[in-house]
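*Asks:* The structure's right below; bear with me while I get my questions together.
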């Protein structure tokens, strides 16, 4: 049984490596072709739209290399699960139906959020989306979920709009800072 679990874990970790490599390849393909065609892949840090995606691509390559190192290290065993702390319950199995349902509901909420982002705008759509996700993922106190969603969305908008000079969608209502 242990050999089967070890093999399954190694296949899963190899899948993670392949996923990281595929994402990095996609990022580099986009930044070297379509970004160049649009004239957005040159200039300084403030005008080079390809800089941040390329940094993410290189980060994914680094994570893939670390994962390969873990898989190929002497003994060939993936890292063991961390020991449980005394008095702390083990996390729920991520393969159960409840977790799958939560993930699918959050995915559906994300699709609806993306569809509504342009017409409604960032400042109205994002807190609603985040509060709904917090609720689906287990936060049962609606006031806490709303306050956390509003605070997080305002903090993110401040970072993007003031520090990075990114214009967020204002929607039909023209709400923006």
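All of the numbers you see were taken from the coordinates with simple rules; none came from a lab. Not measured: the values here are computed from a predicted model. Neighbour counts are summed over all protein chains in view; Cβ atoms, including those assigned to glycine, are modelled from backbone coordinates with ideal geometry.
*Asks:* Output needed for segment 97-163: three equivalent-ellipsoid semi-axes, defined as square roots of 5 times the C-alpha gyration tensor eigenvalues, in descending order, whole Å. Working shown, then result.
*Replies:* Numbers: eigenvalues 95, 46, 17 Å².
The three semi-axes for segment 97-163 are 22, 15, 9 Å.
*Asks:* Moving on to the next point. Given points 7 Å out from each Cα along the Cα-Cβ axis, report the residue 141 to residue 170 separation in nanometres with one decimal.
*Replies:* Between residue 141 and residue 170, the label points sit 3.6 nm apart.
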